[in-house]
1. Being within 25 Å of Thr122 (Cβ to Cβ), not hydroxyl-bearing (Ser, Thr, Tyr) and not in a loop (DSSP other than H, G, I, E, B) narrows it down to one residue among Ala63, Ala21; which is it?
2. Kindly check whether there is at least one residue in the range 53-72 that is over 17 Å from Asp9 (Cβ atoms) and β-branched (Val, Ile, Thr).
3. Can you tell me which residue within the range 128-151, out of those that are touching a strand residue (DSSP E or B) at 6+ places or on another chain (Cβ under 7 Å) and not in a helix (DSSP H, G or I), is modelled with the lowest pLDDT?
4. Do we find a residue being crowded, with 17+ Cβ neighbours inside 10 Å and modelled with pLDDT under 95 anywhere in the range 76-91?
5. Give the residue that is modelled with the lowest pLDDT, with candidates limited to residues of the range 111-127 that are closer than 21 Å to Leu94 by Cα and either in contact with a Leu (Cβ under 9 Å, 6 or more places away or on another chain) or assigned to a loop (DSSP other than H, G, I, E, B) (or both).
6. Out of curiosity, is Ser101 assigned to a helix (DSSP H, G or I), out of contact with any His (no Cβ under 9 Å at 6 or more places or on another chain) and among the polar types (S, T, N, Q)?
7. Tell me, yes or no, whether the range 81-89 has at least one residue that is acidic (Asp, Glu) and out of contact with any helix residue (DSSP H, G or I) (no Cβ under 8 Å at 6 or more places or on another chain).
Amino acid sequence: MRKFLVVLDDSRECLNAMRFAAMRAAKTGGGVEILSIIPPDEFNHWIGVGEIMREEARERIHAHFEVFAKWMRDKQGVDPELVIREGEPVPEILAQIREDSDIGVLVLGAGTDNKGPGPLVTQLTRQSGSLTIPITLVPGEMSKERLESIT
């Protein structure tokens, strides 16, 4: 089954990327894989404190994931899968794509502020020529109704 890979982070545009991935998966018989990445700099503390912080980060990710997962299951009939990785975001996204051959599309939300589309979009589009899958960019300001009409 082809999966849509979407990155779960704290960005506003993440919401539209999640919606798009779920709607496309529902309409094409695919799945959704939600990837959350814990940056390594969050744990540059003593070993015991770092482990506690790592566990707290994982708990926050699971809580955030459950909000999206419930909506995907209830509204789209899609049961997403959660993957948590630790490291720098772009290398971890690329590693996940390499390691999971079922991933068919990377879905990213594009930011709308004057700083550009966001660091993930900027960095990954620079490398898009060497990717083995397409990237779908979903505008962060696109309405839910417009998303529904194009998926």
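The values are calculated or read from the model by the stated rules, or taken from the named source; none is laboratory data. Keep in mind the model is a prediction, meaning the values are calculated, not measured. Cβ: placed from backbone, ideal geometry, glycine included. Neighbour counts: every protein chain shown.
1. Details: Ala63 fails: within 25 Å of Thr122 (Cβ to Cβ).
The unique qualifying residue is Ala21.
2. Checked the range 53-72: no residue is over 17 Å from Asp9 (Cβ atoms) and β-branched (Val, Ile, Thr).
3. Within the range 128-151, the first condition is being touching a strand residue (DSSP E or B) at 6+ places or on another chain (Cβ under 7 Å), and the residues that meet it are 128, 133-140.
Restricting the remaining residues to those that are not in a helix (DSSP H, G or I) gives 133-140.
Working: Ile133: 95, Pro134: 95, Ile135: 95, Thr136: 95, Leu137: 95, Val138: 95, Pro139: 93, Gly140: 88.
Filtering the range 128-151 for residues that are touching a strand residue (DSSP E or B) at 6+ places or on another chain (Cβ under 7 Å) and not in a helix (DSSP H, G or I), the one modelled with the lowest pLDDT comes out as Gly140.
4. The answer is yes, given that some residue of the range 76-91 is crowded, with 17+ Cβ neighbours inside 10 Å and modelled with pLDDT under 95.
5. Within the range 111-127, the first condition is being closer than 21 Å to Leu94 by Cα, and the residues that meet it are 111, 117-127.
Adding the requirement that they be either in contact with a Leu (Cβ under 9 Å, 6 or more places away or on another chain) or assigned to a loop (DSSP other than H, G, I, E, B) (or both) leaves 111, 117-118, 120-121, 124-125, 127.
Working: Gly111: 89, Pro117: 87, Gly118: 87, Leu120: 87, Val121: 88, Leu124: 89, Thr125: 86, Gln127: 81.
Ranking the qualifying residues of the range 111-127, first place goes to Gln127.
6. On the way: assigned to a helix (DSSP H, G or I): no; out of contact with any His (no Cβ under 9 Å at 6 or more places or on another chain): yes; among the polar types (S, T, N, Q): yes.
So Ser101 fails the test.
7. At the first step, the residues of the range 81-89 found to be acidic (Asp, Glu) are 81, 86, 88.
Retained after the next criterion (residues that are out of contact with any helix residue (DSSP H, G or I) (no Cβ under 8 Å at 6 or more places or on another chain)): 81.
Among the residues of the range 81-89, at least one is acidic (Asp, Glu) and out of contact with any helix residue (DSSP H, G or I) (no Cβ under 8 Å at 6 or more places or on another chain), which makes the answer yes.
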